[in-house]
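**Q** Pasting a structure here, questions to come.
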Amino acid sequence: MPGSFRGPEVTGSSVLRSCPRSGGGRSSVPGSCPRVRRWPGAQCPAGPELCIVGAAVSPCGRRESRQGQITEAAPTTHPCPPGARPCSPKYFGLDAMVCVCNATYCDTVDPLVLPAVGSYVKYESSKSGKRLERSEGRFQRRLYVVLTLDTTQRFQRVKGFGGSVTDAAAINILSLPQKAQDHLLRSYFSEEGLEYNLIRLPMASCDFSLHAYTYDDVPYDYELAHFSLRDEDTKLKIPLLHRASAMSKQPLSLYASPWTSPTWLKTSESYVGKGTLKGEAGDRYHKTWANYFIRFLDEYAKHNLTFWAVTAENEPTAGLINNYPFQCLGFTAEQQRDFIAQDLGPALANSSHRHVQLIILDDNRLHLPHWAKVVLEDERAARYVHGIGIHWYLDFIGPIQDTVLPTHELFPDYFILATEACIGAHFWERDVILGCWERGNQYSHSILTNLNHFVAGWTDWNLALDLEGGPNWVKNYVDSPIIVDSSEGIFYKQPMFYHMGHFSKFIPEGSQRVGLSASKESKKTALEYTAFVRPDGAVVVVVLNR
(Lines give C-alpha, C1' and ligand atoms only; values in the text may rest on other atoms or scores of the structure.)
Protein backbone atom coordinates (compact mmCIF):
# COMPACT_ATOMS: atom_id res chain seq x y z
CA MET A 1 0.00 0.00 0.00
CA PRO A 2 1.14 3.58 -0.55
CA GLY A 3 2.29 5.26 2.62
CA SER A 4 4.30 8.16 3.94
CA PHE A 5 7.79 7.39 5.18
CA ARG A 6 8.41 9.58 8.19
CA GLY A 7 11.43 9.86 10.42
CA PRO A 8 14.55 11.96 10.93
CA GLU A 9 15.83 13.82 7.91
CA VAL A 10 18.74 16.13 7.32
CA THR A 11 17.27 19.20 5.65
CA GLY A 12 19.39 22.20 6.36
CA SER A 13 20.11 23.19 9.93
CA SER A 14 21.19 20.60 12.47
CA VAL A 15 21.90 16.92 12.82
CA LEU A 16 21.75 14.70 15.87
CA ARG A 17 24.85 12.57 16.33
CA SER A 18 23.75 9.46 18.14
CA CYS A 19 26.87 7.33 17.85
CA PRO A 20 29.99 8.66 19.62
CA ARG A 21 33.37 8.59 17.94
CA SER A 22 35.02 6.55 20.64
CA GLY A 23 33.90 4.51 23.58
CA GLY A 24 32.03 6.04 26.44
CA GLY A 25 29.02 8.24 26.78
CA ARG A 26 26.25 9.29 24.47
CA SER A 27 26.14 12.64 22.79
CA SER A 28 23.94 14.93 20.73
CA VAL A 29 26.18 17.22 18.74
CA PRO A 30 24.65 19.85 16.44
CA GLY A 31 26.23 20.51 13.08
CA SER A 32 25.33 22.86 10.24
CA CYS A 33 23.92 21.15 7.16
CA PRO A 34 22.44 23.71 4.74
CA ARG A 35 22.14 23.36 1.02
CA VAL A 36 25.19 24.52 -0.92
CA ARG A 37 25.92 25.14 -4.57
CA ARG A 38 27.79 22.58 -6.66
CA TRP A 39 31.51 22.93 -7.11
CA PRO A 40 33.73 21.57 -9.90
CA GLY A 41 35.29 18.25 -9.03
CA ALA A 42 38.79 19.72 -8.81
CA GLN A 43 37.75 22.09 -6.02
CA CYS A 44 36.93 21.15 -2.46
CA PRO A 45 35.98 24.36 -0.67
CA ALA A 46 35.60 24.67 3.04
CA GLY A 47 32.04 25.41 3.90
CA PRO A 48 28.75 24.17 5.28
CA GLU A 49 28.14 20.59 6.15
CA LEU A 50 26.76 18.20 3.56
CA CYS A 51 24.93 15.10 4.64
CA ILE A 52 23.86 11.78 3.21
CA VAL A 53 21.50 9.51 5.05
CA GLY A 54 20.90 5.82 4.51
CA ALA A 55 18.13 4.16 6.46
CA ALA A 56 16.86 0.63 6.68
CA VAL A 57 13.25 0.60 7.86
CA SER A 58 10.35 -1.75 8.21
CA PRO A 59 7.95 -2.19 5.27
CA CYS A 60 5.38 0.59 4.86
CA GLY A 61 7.34 2.81 7.25
CA ARG A 62 6.77 6.56 7.49
CA ARG A 63 9.41 9.27 7.23
CA GLU A 64 9.09 13.03 7.69
CA SER A 65 10.83 16.04 9.20
CA ARG A 66 10.43 19.72 9.87
CA GLN A 67 12.24 21.84 7.35
CA GLY A 68 15.58 22.96 8.69
CA GLN A 69 16.03 20.49 11.51
CA ILE A 70 15.96 16.89 12.55
CA THR A 71 13.04 15.88 14.69
CA GLU A 72 12.70 12.43 16.19
CA ALA A 73 9.70 11.01 17.99
CA ALA A 74 11.06 10.06 21.39
CA PRO A 75 14.59 10.44 20.01
CA THR A 76 17.02 7.91 21.32
CA THR A 77 20.77 7.84 21.20
CA HIS A 78 22.84 4.71 21.26
CA PRO A 79 26.50 3.95 21.60
CA CYS A 80 28.09 2.25 18.65
CA PRO A 81 26.90 -1.35 18.35
CA PRO A 82 29.18 -3.90 20.04
CA GLY A 83 32.25 -4.41 17.93
CA ALA A 84 31.81 -1.42 15.63
CA ARG A 85 34.96 0.70 15.55
CA PRO A 86 34.82 4.47 14.93
CA CYS A 87 36.84 6.32 12.33
CA SER A 88 40.40 7.31 13.19
CA PRO A 89 40.33 10.75 11.56
CA LYS A 90 43.11 12.65 9.83
CA TYR A 91 42.64 16.08 8.27
CA PHE A 92 44.21 17.43 5.09
CA GLY A 93 42.65 20.87 5.44
CA LEU A 94 39.44 22.26 6.86
CA ASP A 95 36.72 19.57 6.67
CA ALA A 96 38.99 17.43 4.43
CA MET A 97 38.91 14.30 6.56
CA VAL A 98 39.92 10.72 5.85
CA CYS A 99 39.75 7.67 8.11
CA VAL A 100 43.15 6.07 8.71
CA CYS A 101 43.65 2.30 8.83
CA ASN A 102 46.77 0.25 9.50
CA ALA A 103 47.73 -3.26 10.55
CA THR A 104 46.30 -2.87 14.05
CA TYR A 105 43.21 -0.68 13.61
CA CYS A 106 40.47 0.09 11.10
CA ASP A 107 36.97 1.49 11.51
CA THR A 108 34.10 -0.93 10.96
CA VAL A 109 30.32 -1.10 10.67
CA ASP A 110 28.50 -3.91 12.40
CA PRO A 111 26.35 -6.31 10.36
CA LEU A 112 22.98 -4.78 9.62
CA VAL A 113 20.22 -5.65 12.09
CA LEU A 114 16.76 -4.70 10.84
CA PRO A 115 14.58 -2.54 13.08
CA ALA A 116 11.29 -3.51 14.65
CA VAL A 117 8.09 -2.54 12.86
CA GLY A 118 7.32 1.11 13.51
CA SER A 119 10.94 2.10 14.04
CA TYR A 120 13.96 2.86 11.90
CA VAL A 121 17.72 2.55 11.87
CA LYS A 122 19.59 5.50 10.39
CA TYR A 123 23.17 5.57 9.10
CA GLU A 124 24.57 9.03 8.48
CA SER A 125 27.71 10.47 6.93
CA SER A 126 28.53 14.18 6.78
CA LYS A 127 31.21 16.61 5.75
CA SER A 128 31.75 17.53 9.40
CA GLY A 129 33.03 14.03 10.13
CA LYS A 130 30.27 11.47 10.53
CA ARG A 131 30.96 8.20 8.76
CA LEU A 132 28.05 5.75 8.57
CA GLU A 133 27.07 6.67 12.13
CA ARG A 134 24.14 4.66 13.40
CA SER A 135 21.10 5.80 15.36
CA GLU A 136 17.62 4.46 16.01
CA GLY A 137 14.22 6.03 16.47
CA ARG A 138 10.49 5.58 16.12
CA PHE A 139 8.21 7.12 13.52
CA GLN A 140 6.06 10.14 14.21
CA ARG A 141 3.36 12.28 12.60
CA ARG A 142 2.54 15.97 12.05
CA LEU A 143 5.78 17.03 10.47
CA TYR A 144 6.52 19.35 7.57
CA VAL A 145 8.68 17.65 4.95
CA VAL A 146 7.26 14.37 3.66
CA LEU A 147 8.63 11.66 1.38
CA THR A 148 5.81 9.32 0.40
CA LEU A 149 6.69 5.69 -0.19
CA ASP A 150 4.59 3.63 -2.60
CA THR A 151 5.58 -0.02 -2.64
CA THR A 152 2.95 -0.78 -5.28
CA GLN A 153 5.13 1.03 -7.81
CA ARG A 154 7.84 -1.43 -8.82
CA PHE A 155 10.81 -0.74 -11.06
CA GLN A 156 14.17 -2.41 -11.78
CA ARG A 157 15.92 -4.97 -9.61
CA VAL A 158 19.44 -4.34 -8.40
CA LYS A 159 22.45 -6.36 -9.49
CA GLY A 160 24.80 -4.68 -7.08
CA PHE A 161 27.69 -2.34 -6.36
CA GLY A 162 31.44 -2.70 -6.35
CA GLY A 163 34.79 -1.75 -7.82
CA SER A 164 37.61 -2.93 -10.04
CA VAL A 165 40.64 -5.10 -9.28
CA THR A 166 43.14 -3.62 -11.70
CA ASP A 167 46.85 -4.41 -11.64
CA ALA A 168 47.35 -1.07 -9.87
CA ALA A 169 44.72 -1.82 -7.23
CA ALA A 170 46.26 -5.23 -6.54
CA ILE A 171 49.79 -3.79 -6.34
CA ASN A 172 48.66 -1.18 -3.82
CA ILE A 173 46.70 -3.57 -1.64
CA LEU A 174 49.56 -6.08 -1.54
CA SER A 175 52.08 -3.33 -0.70
CA LEU A 176 50.55 -3.12 2.78
CA PRO A 177 51.34 -5.35 5.77
CA GLN A 178 49.28 -8.53 5.74
CA LYS A 179 46.89 -7.44 8.49
CA ALA A 180 46.37 -4.06 6.85
CA GLN A 181 45.56 -5.88 3.61
CA ASP A 182 42.93 -7.84 5.51
CA HIS A 183 41.46 -4.66 6.95
CA LEU A 184 41.21 -3.17 3.48
CA LEU A 185 39.55 -6.21 1.95
CA ARG A 186 37.15 -6.58 4.88
CA SER A 187 36.30 -2.89 4.58
CA TYR A 188 35.03 -3.51 1.07
CA PHE A 189 33.63 -7.04 1.12
CA SER A 190 32.69 -8.20 4.62
CA GLU A 191 29.67 -7.58 6.84
CA GLU A 192 31.78 -5.18 8.88
CA GLY A 193 32.37 -3.15 5.72
CA LEU A 194 30.54 -2.06 2.58
CA GLU A 195 29.53 -5.56 1.40
CA TYR A 196 30.49 -5.04 -2.24
CA ASN A 197 29.23 -7.85 -4.47
CA LEU A 198 30.51 -6.74 -7.91
CA ILE A 199 34.13 -6.91 -9.06
CA ARG A 200 35.21 -5.76 -12.50
CA LEU A 201 38.46 -7.23 -13.79
CA PRO A 202 40.47 -6.03 -16.79
CA MET A 203 41.19 -8.91 -19.17
CA ALA A 204 45.01 -8.55 -19.23
CA SER A 205 46.48 -5.03 -19.01
CA CYS A 206 44.94 -1.57 -19.01
CA ASP A 207 46.37 1.87 -18.32
CA PHE A 208 46.40 0.98 -14.60
CA SER A 209 49.15 -1.58 -15.21
CA LEU A 210 52.92 -1.24 -15.04
CA HIS A 211 53.24 -2.06 -18.74
CA ALA A 212 51.13 -3.09 -21.73
CA TYR A 213 50.62 -6.81 -22.35
CA THR A 214 48.05 -9.39 -23.44
CA TYR A 215 47.79 -13.11 -22.76
CA ASP A 216 49.23 -14.07 -26.14
CA ASP A 217 51.83 -11.74 -27.53
CA VAL A 218 53.36 -14.39 -29.81
CA PRO A 219 52.65 -13.12 -33.35
CA TYR A 220 50.09 -14.94 -35.49
CA ASP A 221 49.27 -17.59 -32.87
CA TYR A 222 45.75 -18.12 -34.22
CA GLU A 223 45.39 -21.36 -32.24
CA LEU A 224 46.30 -19.48 -29.04
CA ALA A 225 48.83 -22.19 -28.22
CA HIS A 226 50.88 -19.66 -26.25
CA PHE A 227 47.93 -18.17 -24.35
CA SER A 228 48.91 -17.84 -20.70
CA LEU A 229 47.88 -15.85 -17.66
CA ARG A 230 50.52 -13.46 -16.38
CA ASP A 231 52.08 -12.95 -12.96
CA GLU A 232 49.69 -10.03 -12.54
CA ASP A 233 46.90 -12.62 -12.54
CA THR A 234 48.42 -15.57 -10.69
CA LYS A 235 50.40 -13.64 -8.06
CA LEU A 236 48.30 -10.51 -7.63
CA LYS A 237 44.67 -10.50 -8.73
CA ILE A 238 43.68 -14.15 -8.32
CA PRO A 239 44.87 -14.44 -4.69
CA LEU A 240 43.06 -11.20 -3.83
CA LEU A 241 39.85 -12.40 -5.45
CA HIS A 242 39.93 -15.56 -3.34
CA ARG A 243 40.56 -13.58 -0.17
CA ALA A 244 37.74 -11.16 -0.95
CA SER A 245 35.38 -14.03 -1.71
CA ALA A 246 36.20 -15.72 1.60
CA MET A 247 35.33 -12.52 3.48
CA SER A 248 31.98 -12.02 1.76
CA LYS A 249 28.77 -13.55 3.09
CA GLN A 250 27.39 -13.58 -0.47
CA PRO A 251 28.81 -14.87 -3.75
CA LEU A 252 30.78 -12.20 -5.59
CA SER A 253 29.80 -11.48 -9.19
CA LEU A 254 32.94 -11.07 -11.29
CA TYR A 255 32.88 -9.52 -14.73
CA ALA A 256 35.76 -9.00 -17.13
CA SER A 257 36.50 -6.38 -19.78
CA PRO A 258 39.28 -6.44 -22.40
CA TRP A 259 41.14 -3.25 -23.28
CA THR A 260 43.10 -4.55 -26.28
CA SER A 261 43.61 -7.68 -28.32
CA PRO A 262 47.10 -8.94 -29.14
CA THR A 263 48.67 -6.45 -31.52
CA TRP A 264 48.96 -9.00 -34.33
CA LEU A 265 45.16 -9.07 -34.55
CA LYS A 266 44.89 -5.28 -34.94
CA THR A 267 45.05 -3.00 -37.95
CA SER A 268 47.45 -0.72 -36.06
CA GLU A 269 49.63 -3.60 -34.82
CA SER A 270 49.97 -1.53 -31.63
CA TYR A 271 48.43 -1.63 -28.16
CA VAL A 272 47.58 2.08 -28.39
CA GLY A 273 46.21 4.50 -30.94
CA LYS A 274 43.48 4.11 -33.51
CA GLY A 275 42.97 0.49 -34.49
CA THR A 276 40.35 -2.21 -34.97
CA LEU A 277 40.49 -5.93 -35.56
CA LYS A 278 41.86 -6.85 -38.96
CA GLY A 279 39.43 -8.23 -41.51
CA GLU A 280 35.73 -8.51 -40.82
CA ALA A 281 33.35 -10.46 -38.60
CA GLY A 282 33.46 -14.20 -39.16
CA ASP A 283 37.09 -14.36 -40.30
CA ARG A 284 40.06 -15.88 -38.46
CA TYR A 285 41.01 -12.61 -36.76
CA HIS A 286 37.57 -12.25 -35.21
CA LYS A 287 37.29 -15.97 -34.41
CA THR A 288 40.67 -15.88 -32.68
CA TRP A 289 39.66 -12.85 -30.63
CA ALA A 290 36.39 -14.53 -29.61
CA ASN A 291 38.29 -17.67 -28.61
CA TYR A 292 40.62 -15.48 -26.52
CA PHE A 293 37.62 -14.70 -24.27
CA ILE A 294 36.96 -18.42 -23.85
CA ARG A 295 40.58 -19.14 -23.02
CA PHE A 296 40.54 -16.39 -20.40
CA LEU A 297 37.47 -17.91 -18.77
CA ASP A 298 39.03 -21.39 -19.01
CA GLU A 299 42.24 -20.31 -17.30
CA TYR A 300 40.47 -18.50 -14.47
CA ALA A 301 38.22 -21.52 -13.98
CA LYS A 302 41.37 -23.58 -13.36
CA HIS A 303 41.92 -21.24 -10.40
CA ASN A 304 38.36 -21.86 -9.15
CA LEU A 305 37.09 -18.48 -10.29
CA THR A 306 34.01 -18.19 -12.48
CA PHE A 307 32.55 -15.08 -14.03
CA TRP A 308 29.05 -13.65 -13.99
CA ALA A 309 29.63 -11.64 -17.18
CA VAL A 310 32.03 -10.24 -19.74
CA THR A 311 31.78 -7.00 -21.65
CA ALA A 312 32.42 -7.14 -25.37
CA GLU A 313 35.05 -4.40 -25.11
CA ASN A 314 36.04 -1.60 -22.76
CA GLU A 315 35.22 1.74 -24.38
CA PRO A 316 35.09 0.49 -27.97
CA THR A 317 34.98 4.04 -29.32
CA ALA A 318 38.42 4.78 -27.81
CA GLY A 319 40.06 2.67 -30.51
CA LEU A 320 38.49 4.89 -33.17
CA ILE A 321 40.43 7.94 -31.92
CA ASN A 322 43.75 8.91 -33.48
CA ASN A 323 46.72 8.75 -31.09
CA TYR A 324 44.66 7.31 -28.23
CA PRO A 325 47.26 7.10 -25.41
CA PHE A 326 46.67 3.66 -23.88
CA GLN A 327 45.32 0.19 -24.62
CA CYS A 328 42.20 0.13 -26.78
CA LEU A 329 40.44 -1.77 -29.55
CA GLY A 330 38.02 0.06 -31.78
CA PHE A 331 34.51 -1.04 -32.71
CA THR A 332 31.65 0.87 -34.20
CA ALA A 333 28.20 -0.23 -33.07
CA GLU A 334 27.82 -2.10 -36.35
CA GLN A 335 31.18 -3.84 -35.92
CA GLN A 336 30.30 -4.88 -32.37
CA ARG A 337 26.92 -6.17 -33.55
CA ASP A 338 28.52 -8.34 -36.22
CA PHE A 339 31.33 -9.57 -33.95
CA ILE A 340 28.78 -10.67 -31.35
CA ALA A 341 26.45 -12.26 -33.90
CA GLN A 342 29.09 -14.21 -35.79
CA ASP A 343 31.95 -14.74 -33.35
CA LEU A 344 31.74 -13.90 -29.65
CA GLY A 345 28.11 -14.92 -29.09
CA PRO A 346 28.46 -18.37 -30.68
CA ALA A 347 31.84 -18.91 -28.97
CA LEU A 348 30.30 -18.35 -25.54
CA ALA A 349 27.15 -20.34 -26.35
CA ASN A 350 29.15 -23.34 -27.55
CA SER A 351 31.57 -23.35 -24.61
CA SER A 352 31.36 -24.49 -21.01
CA HIS A 353 30.84 -20.81 -20.17
CA ARG A 354 27.43 -20.48 -21.80
CA HIS A 355 26.06 -19.17 -18.48
CA VAL A 356 28.33 -16.10 -18.66
CA GLN A 357 26.31 -13.00 -19.51
CA LEU A 358 27.36 -10.61 -22.25
CA ILE A 359 27.33 -6.83 -21.82
CA ILE A 360 27.54 -4.45 -24.78
CA LEU A 361 28.79 -0.85 -25.06
CA ASP A 362 30.77 -0.50 -21.77
CA ASP A 363 31.37 3.09 -22.83
CA ASN A 364 30.00 6.57 -22.20
CA ARG A 365 26.22 6.74 -22.12
CA LEU A 366 26.05 9.46 -24.77
CA HIS A 367 26.25 6.61 -27.32
CA LEU A 368 22.76 5.57 -26.22
CA PRO A 369 20.20 4.82 -27.46
CA HIS A 370 21.91 4.56 -30.87
CA TRP A 371 24.38 1.83 -29.88
CA ALA A 372 21.70 -0.33 -28.30
CA LYS A 373 19.41 0.07 -31.30
CA VAL A 374 22.11 -1.03 -33.73
CA VAL A 375 23.02 -4.15 -31.74
CA LEU A 376 19.72 -5.17 -30.17
CA GLU A 377 17.45 -4.60 -33.15
CA ASP A 378 19.43 -7.34 -34.91
CA GLU A 379 18.15 -10.66 -33.59
CA ARG A 380 21.34 -12.44 -34.64
CA ALA A 381 23.26 -10.42 -32.04
CA ALA A 382 20.49 -9.64 -29.55
CA ARG A 383 19.94 -13.28 -28.60
CA TYR A 384 23.43 -13.43 -27.09
CA VAL A 385 23.23 -10.14 -25.17
CA HIS A 386 22.02 -9.66 -21.59
CA GLY A 387 22.88 -6.10 -20.64
CA ILE A 388 24.30 -2.68 -21.49
CA GLY A 389 27.27 -1.12 -19.70
CA ILE A 390 27.74 2.63 -19.28
CA HIS A 391 30.60 4.89 -18.12
CA TRP A 392 30.15 8.29 -16.54
CA TYR A 393 32.95 10.40 -18.01
CA LEU A 394 30.85 12.39 -20.48
CA ASP A 395 27.60 12.46 -18.51
CA PHE A 396 27.65 16.26 -18.62
CA ILE A 397 26.99 16.16 -22.39
CA GLY A 398 24.74 13.10 -22.37
CA PRO A 399 21.78 13.73 -20.04
CA ILE A 400 20.34 10.53 -18.61
CA GLN A 401 16.81 11.33 -19.76
CA ASP A 402 18.06 11.49 -23.36
CA THR A 403 20.27 8.40 -23.24
CA VAL A 404 19.55 5.78 -20.59
CA LEU A 405 15.82 6.38 -20.20
CA PRO A 406 14.89 5.90 -23.89
CA THR A 407 17.20 2.88 -24.02
CA HIS A 408 15.32 1.25 -21.16
CA GLU A 409 12.00 2.10 -22.80
CA LEU A 410 13.12 0.53 -26.07
CA PHE A 411 14.76 -2.55 -24.53
CA PRO A 412 13.25 -3.16 -21.06
CA ASP A 413 14.39 -6.80 -20.99
CA TYR A 414 18.09 -5.86 -20.97
CA PHE A 415 19.68 -4.62 -17.75
CA ILE A 416 21.71 -1.40 -17.72
CA LEU A 417 24.76 -1.36 -15.45
CA ALA A 418 27.14 1.50 -14.65
CA THR A 419 30.46 -0.25 -15.24
CA GLU A 420 33.10 2.44 -14.60
CA ALA A 421 33.48 5.80 -12.86
CA CYS A 422 36.28 7.74 -11.20
CA ILE A 423 37.21 11.36 -10.50
CA GLY A 424 40.41 12.99 -11.68
CA ALA A 425 40.30 11.70 -15.24
CA HIS A 426 39.51 15.08 -16.83
CA PHE A 427 42.33 17.51 -17.54
CA TRP A 428 40.71 20.18 -15.35
CA GLU A 429 40.56 17.90 -12.29
CA ARG A 430 43.29 17.29 -9.75
CA ASP A 431 44.26 13.63 -9.59
CA VAL A 432 44.00 12.92 -5.85
CA ILE A 433 42.43 15.21 -3.26
CA LEU A 434 42.61 13.62 0.16
CA GLY A 435 39.44 14.06 2.20
CA CYS A 436 37.42 15.87 -0.47
CA TRP A 437 33.76 15.56 0.52
CA GLU A 438 32.51 17.02 -2.75
CA ARG A 439 33.94 14.05 -4.63
CA GLY A 440 31.84 11.76 -2.46
CA ASN A 441 28.87 13.95 -3.30
CA GLN A 442 29.56 13.41 -6.99
CA TYR A 443 29.50 9.65 -6.46
CA SER A 444 26.19 9.71 -4.59
CA HIS A 445 24.59 12.08 -7.07
CA SER A 446 25.57 9.82 -9.96
CA ILE A 447 24.40 6.66 -8.21
CA LEU A 448 21.06 8.17 -7.23
CA THR A 449 20.48 9.56 -10.72
CA ASN A 450 21.29 6.21 -12.29
CA LEU A 451 19.19 4.17 -9.87
CA ASN A 452 16.22 6.46 -10.43
CA HIS A 453 16.49 5.88 -14.20
CA PHE A 454 16.43 2.07 -14.28
CA VAL A 455 20.15 1.36 -13.87
CA ALA A 456 20.73 -1.91 -11.99
CA GLY A 457 23.99 -1.11 -10.23
CA TRP A 458 27.15 0.99 -10.14
CA THR A 459 30.80 -0.05 -10.34
CA ASP A 460 33.63 2.18 -9.17
CA TRP A 461 37.01 2.07 -10.92
CA ASN A 462 40.18 1.17 -8.94
CA LEU A 463 39.58 -0.23 -5.46
CA ALA A 464 42.81 1.36 -4.23
CA LEU A 465 45.51 3.66 -5.62
CA ASP A 466 48.67 5.25 -4.26
CA LEU A 467 49.14 8.86 -3.17
CA GLU A 468 49.85 9.88 -6.75
CA GLY A 469 46.74 8.16 -8.11
CA GLY A 470 48.56 5.23 -9.70
CA PRO A 471 50.56 3.33 -10.68
CA ASN A 472 49.59 3.95 -14.29
CA TRP A 473 52.00 3.29 -17.13
CA VAL A 474 50.84 6.36 -19.10
CA LYS A 475 50.52 8.56 -15.99
CA ASN A 476 46.74 8.78 -16.31
CA TYR A 477 46.41 9.26 -12.55
CA VAL A 478 43.00 9.53 -10.87
CA ASP A 479 41.40 9.45 -7.43
CA SER A 480 40.08 6.43 -5.55
CA PRO A 481 37.88 5.73 -2.50
CA ILE A 482 40.94 4.19 -0.82
CA ILE A 483 44.41 5.71 -1.07
CA VAL A 484 47.39 3.64 0.07
CA ASP A 485 50.54 5.07 1.65
CA SER A 486 52.75 2.00 1.51
CA SER A 487 55.74 3.82 3.03
CA GLU A 488 53.77 4.14 6.27
CA GLY A 489 51.87 0.87 6.00
CA ILE A 490 48.55 2.70 6.12
CA PHE A 491 45.57 3.46 3.91
CA TYR A 492 43.06 6.28 3.86
CA LYS A 493 39.33 5.79 3.45
CA GLN A 494 38.12 8.78 1.50
CA PRO A 495 34.61 10.32 1.63
CA MET A 496 33.89 8.49 -1.66
CA PHE A 497 34.29 5.20 0.23
CA TYR A 498 31.51 6.04 2.69
CA HIS A 499 29.23 7.46 0.01
CA MET A 500 29.53 4.12 -1.80
CA GLY A 501 28.61 2.34 1.42
CA HIS A 502 25.28 4.11 1.73
CA PHE A 503 24.23 2.09 -1.31
CA SER A 504 26.24 -1.14 -1.31
CA LYS A 505 25.70 -1.91 2.38
CA PHE A 506 21.95 -1.44 2.42
CA ILE A 507 20.72 -2.26 -1.11
CA PRO A 508 21.69 -5.91 -1.72
CA GLU A 509 21.36 -7.79 -4.97
CA GLY A 510 17.73 -8.56 -5.73
CA SER A 511 16.37 -5.40 -4.12
CA GLN A 512 13.69 -3.66 -6.18
CA ARG A 513 13.21 0.07 -6.56
CA VAL A 514 9.83 1.36 -5.45
CA GLY A 515 7.99 4.65 -5.69
CA LEU A 516 9.14 7.57 -3.54
CA SER A 517 7.73 11.06 -4.05
CA ALA A 518 8.21 14.35 -2.24
CA SER A 519 5.75 16.90 -0.93
CA LYS A 520 6.01 20.47 -2.19
CA GLU A 521 7.87 21.41 0.97
CA SER A 522 10.31 18.55 0.47
CA LYS A 523 11.08 19.66 -3.08
CA LYS A 524 12.18 23.04 -1.76
CA THR A 525 15.00 21.36 0.15
CA ALA A 526 16.65 19.99 -3.03
CA LEU A 527 17.10 16.57 -1.49
CA GLU A 528 17.98 13.64 -3.74
CA TYR A 529 16.60 10.25 -2.76
CA THR A 530 15.64 6.74 -3.76
CA ALA A 531 13.89 3.79 -2.15
CA PHE A 532 14.15 0.02 -2.46
CA VAL A 533 12.45 -3.04 -1.04
CA ARG A 534 15.10 -5.55 -0.04
CA PRO A 535 14.74 -9.31 -0.54
CA ASP A 536 14.11 -9.63 3.22
CA GLY A 537 11.11 -7.27 2.93
CA ALA A 538 12.68 -4.26 4.64
CA VAL A 539 12.65 -0.89 2.93
CA VAL A 540 15.80 1.18 2.37
CA VAL A 541 15.66 4.91 1.70
CA VAL A 542 18.86 6.77 0.79
CA VAL A 543 18.75 10.57 0.94
CA LEU A 544 21.45 13.01 -0.17
CA ASN A 545 21.53 16.68 0.81
CA ARG A 546 24.16 18.41 -1.31
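The values are calculated or read from the model by the stated rules, or taken from the named source; none is laboratory data. Fair warning: this is a prediction, and the values are worked out from it, not measured in the lab. Note: ideal-geometry Cβ built from the backbone for every residue, glycine included; neighbour counts use all protein chains shown.
**Q** Hey, among the residues in the stretch 393-417 that are of a type outside the set (S, T, Y) and surrounded by 24 or more Cβ atoms within 10 Å (Cβ to Cβ), which one's farthest from the chain's Cα centre (by Cα)? Even if it seems obvious, please write down each step before you answer.
**A** From the stretch 393-417, those of a type outside the set (S, T, Y) are 394-402, 404-406, 408-413, 415-417; that's our starting set.
Those left that are additionally surrounded by 24 or more Cβ atoms within 10 Å (Cβ to Cβ): 404, 416-417.
Working: V404: 17, I416: 13, L417: 10 Å.
Step by step, filter the stretch 393-417, then rank; the result is V404.
**Q** Oh, and also: Name the pairs whose Cβ atoms lie under 6 Å apart, with the first residue in the stretch 450-463 and farther than 20 Å from E528 by Cα, the second part of a strand (DSSP E or B) and at pLDDT below 95, and 6 or more positions between them or separate chains?
**A** none
**Q** Tell me, yes or no, whether the stretch 163-171 has at least one residue that is of a type in the set (S, T, N, Q), crowded, with 23+ Cβ neighbours inside 10 Å and part of a loop (DSSP other than H, G, I, E, B).
**A** Scanning the stretch 163-171 turns up at least one residue that is of a type in the set (S, T, N, Q), crowded, with 23+ Cβ neighbours inside 10 Å and part of a loop (DSSP other than H, G, I, E, B).
**Q** Hey, another quick one. Determine the pairs where a residue that is closer than 14 Å to T530 by Cα, located within the stretch 135-163, has a partner that is surrounded by 24 or more Cβ atoms within 10 Å (Cβ to Cβ) and among the acidic types (D, E) with Cβ atoms under 7 Å apart, the partner being 6 or more residues away or on another chain.
**A** V146/E64
**Q** Sticking with this structure for a sec: Residues K493, K505, K475: which one is basic (K, R) and more than 28 Å from L114 (Cα to Cα)?
**A** K475
**Q** If we keep just the residues of the stretch 484-538 that are modelled with pLDDT of 95 or more and among the hydroxyl-bearing types (S, T, Y), which is nearest to P111 (Cα to Cα)?
**A** Checking each candidate, the answer is S504.
**Q** Now, a different point. Any residue that is crowded, with 21+ Cβ neighbours inside 10 Å and in a helix (DSSP H, G or I) - is there at least one of those in the stretch 201-214?
**A** No, the stretch 201-214 contains no residue that is crowded, with 21+ Cβ neighbours inside 10 Å and in a helix (DSSP H, G or I).
**Q** Oh, and also: Inspect all residues belonging to the stretch 180-189 and state whether any of them is assigned to a loop (DSSP other than H, G, I, E, B) and either crowded, with 18+ Cβ neighbours inside 10 Å or touching a Ser or Thr at 6+ places or on another chain (Cβ under 8 Å) (or both). Give the steps one after another, and end with the answer.
**A** Taking the stretch 180-189 and keeping what is assigned to a loop (DSSP other than H, G, I, E, B), we get none.
No: zero hits.
**Q** Please specify each residue of the stretch 507-540 satisfying the condition of being within 20 Å of L185 (Cβ to Cβ) and either touching a strand residue (DSSP E or B) at 6+ places or on another chain (Cβ under 6 Å) or in a helix (DSSP H, G or I) (or both).
**A** E509
**Q** Follow-up question, since we're still on this one. Residue check: is P495 within 26 Å of Q181 (Cα to Cα) and crowded, with 24+ Cβ neighbours inside 10 Å?
**A** The answer is yes for P495.
**Q** Another question about this same structure. Given the residues E232, E313, which is the only one that is assigned to a helix (DSSP H, G or I) and of a type in the set (D, E)?
**A** E232
Residue-wise test of (1) in the same structural domain as F503 (by TED's automatic domain parsing); (2) part of a loop (DSSP other than H, G, I, E, B); (3) among the aromatic types (F, W, Y); (4) more than 24 Å from the chain's Cα centre (by Cα).
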| residue | (1), (2), (3), (4) |
| --- | --- |
| G93 | no, yes, no, yes |
| C99 | no, no, no, no |
| P115 | no, yes, no, yes |
| Y123 | no, no, yes, no |
| G129 | no, yes, no, no |
| V146 | no, no, no, yes |
| L149 | no, no, no, yes |
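**Q** Please enumerate the residues belonging to the stretch 442-468 that are surrounded by 24 or more Cβ atoms within 10 Å (Cβ to Cβ) and either more than 18 Å from F506 (Cα to Cα) or touching a Pro at 6+ places or on another chain (Cβ under 6 Å) (or both).
**A** Answer for the stretch 442-468, where residues must be surrounded by 24 or more Cβ atoms within 10 Å (Cβ to Cβ) and either more than 18 Å from F506 (Cα to Cα) or touching a Pro at 6+ places or on another chain (Cβ under 6 Å) (or both): W461, N462, L463, A464, L465.
**Q** Let me ask another. Any residue that is over 20 Å from N364 (Cβ atoms) and either of a type in the set (G, A, S) or not in a helix (DSSP H, G or I) (or both) - is there at least one of those in the stretch 451-463?
**A** Yes, the stretch 451-463 contains a residue that is over 20 Å from N364 (Cβ atoms) and either of a type in the set (G, A, S) or not in a helix (DSSP H, G or I) (or both).
**Q** Cβ-Cβ under 8 Å, sequence separation 6+ or interchain: first residue in the stretch 263-288 and farther than 17 Å from Y220 by Cβ, partner among the small types (G, A, S) and at pLDDT 95 or above. Which pairs?
**A** V272/A212; K274/S268; K274/G319; K274/G330; T276/G319; T276/G330; A281/A341
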